[in-house]
Amino acid sequence: MEVLRTAMAGTLESSDAQVTVEPGDGRVELDIESSVINQFGRKIKATVEETLERLGVDNVKVKVVDKGALDCTLKARVEGAVFRASGYSEDEICEGKKLPWGGAIR
Amino acid sequence: MINAVGRDIPEKVLKDLNMKPFAGTYARNGEEYKKAAPTVRCWMDPKESKMVDSIHDVLVKCGLRDGMTLSFHHHFREGDYIVNMVMEEVHKMGVKDITICASSLGKAHDPIVPMIEDGTITNIQSSGVRGKIGEAISTGKLKGYAIMRSHGGRVRAIESGDVHIDIAFIGAPTADEYGNLRAVGGKSDCGVLSYAYVDAQYADKVVAITDTLVPYPNIPASISQVNVDYVIVVDEIGNPAKIATGAAKPTTDVRKLMMAEYCTKFVINTPYFKDGFSYQTGVGGASIASTISLGKIMKERGIKMGLGLGGIAGPMCELLEQGLIEKLVDTQDFDLKAIQSITNNPNHIEITGSEYANPMNKGAYVNKLDFVILASLEVDTHFNCNVVVDSNGMVTGAQGGHPDTAAGAKCTIVIAPLLQGRTPAICTDVTTVTTPGETVDVVITDYGVAVNPARPDLLECAKAAKLPVKTIEELRDMAYAITGEPEPIKFGDRVVGVIEARDGTIIDVVRQIKDYEWD
């Protein structure tokens, strides 16, 4: 999946994460801030990387501002940001692209 | 050296502070010791006035110099102006190397951080710290050690001479010109002056600061003229809106309500729940909710509380008014209702910090508790609690009466939600031990209730109450299944703070935090 433009998902509320993605320089670049970085930094990084891989995104800049989100929330926010950046929207079909519910979105 | 809760206390720290490692909650029981005494200047001539015009003048009169220990109380909570007011003047005078010995410090005292950085303040002794002072300590800006003491432990430290106070500054809602101090009747009422009592008795110089000078004699006094050297009148000693908040709305958070219900069910199924029982609780949402639901059952069954103890908030005062509590015994007031109650109700009584919780007097009120309901940032599989350092390793809380009441009560109940955001409140090992697990009996979470294996009697009570009983390890596993297992925090080597057990030994140390390393 290709990140075509800058997009964001999530909030800065406690237990949420705000994920911003933008087109990359040919690789995956992560910038992670977290209120629980000392306890979960590596787990957050791994979750974001796994989610990007599952979505087939390999050319992206990702900024995560995490406020103690659980993994399921993090995944959802990364997915949301990537799909918005790739021309998908919540309306299932947008520009002829259908959100892969039950496929890449789990 | 590894202490009794398994924490490694570096030899250097033990040597620097001339302290011993924690050896068990009651290890010093029965010990004899000689109390310290202040050096007092007598006031014999009735023509002499105690009134002084300014803080500057009083600091000069008290002979302020480098290296002195200055003390403060925290009854004005986040509305306190006294610490900043005094320290600003100390700073202007260019005095260095001051030790602050406060009953607690909060966000209201963020303005003293630059004085930590420039060496005006080099040591802090407090129940705990919040806000920027905590950050300053955790990032290694304080030259000496921060010593965190419980409320009872602070009294013990002063009375035994572990710390000697050169000048005590006591913010007083009302004072007369001869130094009788009360906590009601002024513009900034705080209800009681319990934690300042020991300062008045043991400091060489005692300075009262008030914004409401009243006619002599201002009695019955919380602190008497016989212990006060000087009286100063300033415009404002605090912000009343932050000293005493209005009534907190009862919580509607279903998690907290569920934990409160578990707590009440447990309490009423123990043999201690009978006429004349004694009880202390905190001011968290779940604690307040459990006090309210317990009150209903007391009314139904005609069971009265003999003693309600501690920091007091409105709900306990309401039980007193309904005749469900015989005596409400008070060391700190959290809201306007509590202040009104102690002002008007003869069965609501002020006691000193020593009476409340000092482990080395001849018997403190905490020893008479049947129940104490506490909160905790973290509880571990050994039932140890942490209430001072957050899960990132930053100093951000206070011991308060946590270890004192836990050590005293027959039944110590800790209420903690299983998760605080992503941070598991039930974990394998707490970041820092403040209250030893041997004094913690029951842990109530929104996912189940765990009983300390040392208390099989209470396990039966929990089962009889039909509570969802789990082992503490099961609770931890449930938490980790949701959050993932947390990485151990990597600290720097330098010890920046000491968690002092209530008996004056070291239960744990706080190390300097360092930036997270990805690899």
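Values quoted throughout were computed directly from the atomic coordinates according to the rules given, and no laboratory measurement underlies them. Just so we're clear, the structure is a prediction, and the values are computed from it rather than from any experiment. Note that each Cβ is placed from the backbone with ideal geometry, even for glycine, and that neighbours are counted across all protein chains shown.
Here the gap between residue B:303 and residue B:23, fully extended at 0.36 nm per residue and compared with their Cα-Cα distance, gives a gain of 96.9 nm.
Taking every lysine pair in segment A:7-98 that is 8 or more places apart or spans two chains, those with Cα atoms closer than 21 Å amount to 13. Considering only A:6, A:51, A:78, the residue lying farthest towards the positive end of the dipole of chain A is A:51, judged by Cα position with unit charges set on Cβ.
Could you tell me which trypsin sites (Lys or Arg not before Pro) in segment B:352-432 are loop residues by DSSP with no more than 14 other beta carbons within 10 angstrom of their beta carbon?
Loop-located and lightly packed - B:362.
Once each part is reduced to its C-alpha centroid, what is the distance from segment B:1-42 to segment B:431-495 in angstrom? Spelled out, the Cα-based centre of one part sits 28 Å from the other. With each label modelled as a point 7 angstrom along the Cα→C-beta vector, the residue A:72-residue B:1 pair spans 5.0 nm. Sorting the Cα pairs of chain A by distance into bins of 10 Å, from 0 upward, gives 16, 52, 28, 4, 0 percent per bin. Applying 0.36 nm per residue to the separation of residue B:480 and residue B:16 and subtracting their alpha-carbon distance, the gain on full extension is 163.2 nm.
Count Lys and Arg as plus one, Asp and Glu as minus one, and take only other residues whose Cβ is under 13 Å from that of residue B:472; the net charge is then -4.
Using 7 Å Cα-to-Cβ label points, what is the residue A:50/residue A:8 separation (nm, one decimal)? With each label placed 7 Å out from Cα toward Cβ, I get 2.7 nm. Each residue of segment B:362-456 gets 93 Å³ once the volume of the Cα convex hull is shared out per residue. Spacing of the modelled spin labels on residue B:239 and residue B:42, each 7 Å from Cα toward Cβ, amounts to 4.6 nm. The mean sequence distance of close C-alpha pairs (under 8 Å, at least 6 residues apart), as a share of the length of chain B, puts its relative contact order at 16 percent. The convex hull of the Cα atoms of segment B:282-347, projected and averaged over all directions, covers 3.9 nm². When each of the peptides B:41-52, B:497-508 is scored by the mean number of other C-beta atoms lying within 10 Å of its residues, the order from highest to lowest reads B:497-508, B:41-52.
Here the Karplus curve 6.51 cos²θ - 1.76 cosθ + 1.60, taken at θ = phi - 60°, turns the phi angles of segment A:13-26 into couplings of 5, 4, 6, 10, 9, 9, 10, 10, 10, 9, x, x, 9, x Hz, with x standing for Gly and Pro.
Restricting the calculation to alpha carbons of the protein assembly as shown gives Rg and Dmax of 26.7, 97 angstrom.
With respect to chain A, whose longest principal axis is taken over its alpha-carbon atoms, helix A:71-85 is tilted by about 40°. Short-range pairs are left out: with C-alpha atoms under 8 Å and at least six residues apart, the relative contact order of segment B:48-243 is 25 percent. Looking at the P(r) of segment B:227-318, how many percent of alpha-carbon pairs lie beyond 15 Å? That fraction is 67 percent.
Estimate the FRET efficiency between residue A:59 and residue B:469 by the formula 1/(1 + (r/R0)^6), using the beta-carbon distance for r and 60 Å for R0, to the nearest 0.05.
Plugging the Cβ-Cβ distance into 1/(1 + (r/R0)^6) gives 0.70.
Assuming charge only on the beta carbon of Lys and Arg (+1) and of Asp and Glu (-1), the dipole of segment A:7-98 about its Cα centre is about 200 debye to the nearest 20.
The mean number of partner chain beta-carbon atoms within 10 angstrom of a residue's beta-carbon across peptide A:37-47 is 6.
In terms of other Cβ atoms within 10 Å, B:383, B:334 run from fewest to most in the order B:334, B:383.
With R₀ set to 60 Å, the beta-carbon distance separating residue B:361 from residue A:33 gives a calculated FRET efficiency near 0.80.
Relative contact order for segment A:7-98: 41 percent, from Cα pairs under 8 Å spaced at least 6 residues apart, divided by residue count. Just how many % of Cα pairs in segment B:111-195 lie over 23 Å apart, if you round to the nearest whole percent? Summing the P(r) of segment B:111-195 above 23 Å gives 41 percent of all pairs.
Computed log10 I(q)/I(0) for segment B:20-70 at 0.14, 0.27 Å⁻¹: -0.69, -1.21, from the Debye equation with unit scatterers placed on every C-alpha and solvent omitted. For residue B:312, nonlocal amide neighbours, meaning residues 5 or more places apart or on other chains whose placed amide H falls under 5 Å from its own, are B:331, B:332, B:333, B:334. At an R0 of 22 angstrom, the distance between the Cβ atoms of residue B:226 and residue B:187 translates into a FRET efficiency of 0.30.
Provide Rg over Rh for segment B:254-492; use the alpha carbon set for both Rg and the Kirkwood Rh (inverse mean inverse pair distance).
On the way: Rg = 17.4 Å, Rh = 18.0 Å.
Expressed as Rg/Rh, it is 0.97.
Ordered from longest to shortest, the equivalent ellipsoid semi-axes for chain B are 37, 29, 20 Å, each the square root of 5 times a Cα gyration tensor eigenvalue.
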